[in-house]
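Each value in this text was obtained by applying a stated rule to the coordinates, not by laboratory testing. What you see is a predicted model; the values in this text were computed from it and never measured. With ideal geometry, Cβ positions are generated from the backbone for all residues, glycine too; neighbour counts draw on all protein chains shown.
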Amino acid sequence: MSSLKKRYLKKFRYKIPDYIPEKFIKPKQVIDVISAWEGLDLIIPDILKRFNIGNETCIEFGVEFGFSAVVFSNYFSEVIGIDTFQGDIHTDHKSNHFEKTKASLAEFENIKLIKSTYQEWIKADKRMYDFAHVDIIHTYEDTFECGMWAAMHSKCAIFHDTESFMEVRKAVIDIARYAGKKLYNYPFHNGLGIITEK
């Protein structure tokens, strides 16, 4: 059996209902950095409206150079970005870029960057958030552990790369099942899993 056919069968086996946006809206502020997240910025307002998400707090695991953090800063009073800022096995950037990212996001006063592993952060943080974003190392175990925390500590949690990493897709399905929440998938721009209470 060809590898393409195997991939198709796996994807079919882990089917998620599609998320179909009613509107695409460009955020007022974005930053000019290369990001695999580009294009997803257009559906964030639709998600927030559809699932009646508040606009106070957003937590993001996996900031990299800050494209998505800036997108979220358009809609939330406070955005907390957690990252090691050193890349991982699935990123092209392997050196410490905390200061570079911090400098490029300095004008966005509602973004707070924290250099930490997700494991350290979730041990201590008991807060509830309006919104959570998970875009970390794309293994099943890491996505499940961080994502389960995000799903249980937010009204809506989104997960990048559900189309490009089967392990992420499987983890997102399991998180929704264990958390007892609804799951949708936007199948473009490498995929965005959406776990929500409704």
For the chain, modelled as a Gaussian network with Cα springs under 10 Å, which listed residue fluctuates most, Lys181, Lys126, Lys155?
Lys126
Distance between modelled label sites at Lys49 and Arg177, nm, 7 Å Cα→Cβ extension
3.4 nm
Gln86 paired with Phe98, simple spin-label distance in nm, labels 7 Å along Cα-to-beta-carbon
1.0 nm
For Asp46, Asp32, what ranking results if the residue with the fewest other Cβ atoms within 10 Å of its Cβ goes first?
Asp32, Asp46
Working from Cα positions, state the angle (0 to 90°, nearest 10) between the long axis of helix 140-152 and the longest principal axis of the chain.
70 degrees
A chain fully extended from Ala36 to Lys123 at 0.36 nm per residue, minus the present Cα-Cα distance, gains in nm 28.4 nm
Rounded to a whole number, what is D in µm²/s for region 33-196 from Stokes-Einstein with the Kirkwood radius over alpha-carbon pairs (20 °C, 1.002 mPa s)?
138 µm²/s
Work out the FRET efficiency for Lys112 and Thr139 from their Cβ-Cβ distance, taking R0 = 25 Å, and round it to the nearest 0.05.
0.40
For the chain, find the longest principal axis of its Cα atoms and tell me its angle to the long axis of helix 166-179, 0 to 90°, nearest 10.
80 degrees
Can you give the helix-only mean residue ellipticity at 222 nm for the chain, where every DSSP H stretch with n ≥ 4 adds -39500 (n - 2.57) and the sum goes over all residues, rounded to the nearest 500 deg cm²/dmol?
-9500 deg cm²/dmol
Per residue of region 185-197, in order, report the coupling 6.51 cos²θ - 1.76 cosθ + 1.60 (Karplus, θ = phi - 60°) as ³J(HN,Hα) in whole Hz, putting x for Gly and Pro.
9, 8, x, 10, 6, 6, x, 9, x, 10, 10, 9, 6
Starting with the fewest neighbours, write out Ile25, Ile158, Ile44 ranked by other beta-carbon atoms found within 10 Å of each beta-carbon.
Ile25, Ile44, Ile158
q = 0.14, 0.16, 0.30, 0.32 Å⁻¹: log10 I(q)/I(0) that the Debye formula gives for region 144-187, counting C-alpha atoms only:
-0.26, -0.34, -1.21, -1.34
Between Lys26 and Ser164, what length in nm is gained on full extension when 0.36 nm per residue of separation is reduced by their alpha carbon distance?
47.3 nm
May I ask which of Lys15/Lys182; Lys49/Lys198; Lys123/Lys181; Lys26/Lys102; Lys123/Lys182 have a Cα-Cα span longer than 20 Å here?
Lys123/Lys181; Lys26/Lys102; Lys123/Lys182
Go ahead and set up a Gaussian network model of the chain, Cα springs under 10 Å, then flag whichever of His133, His160, His97 fluctuates most.
His97
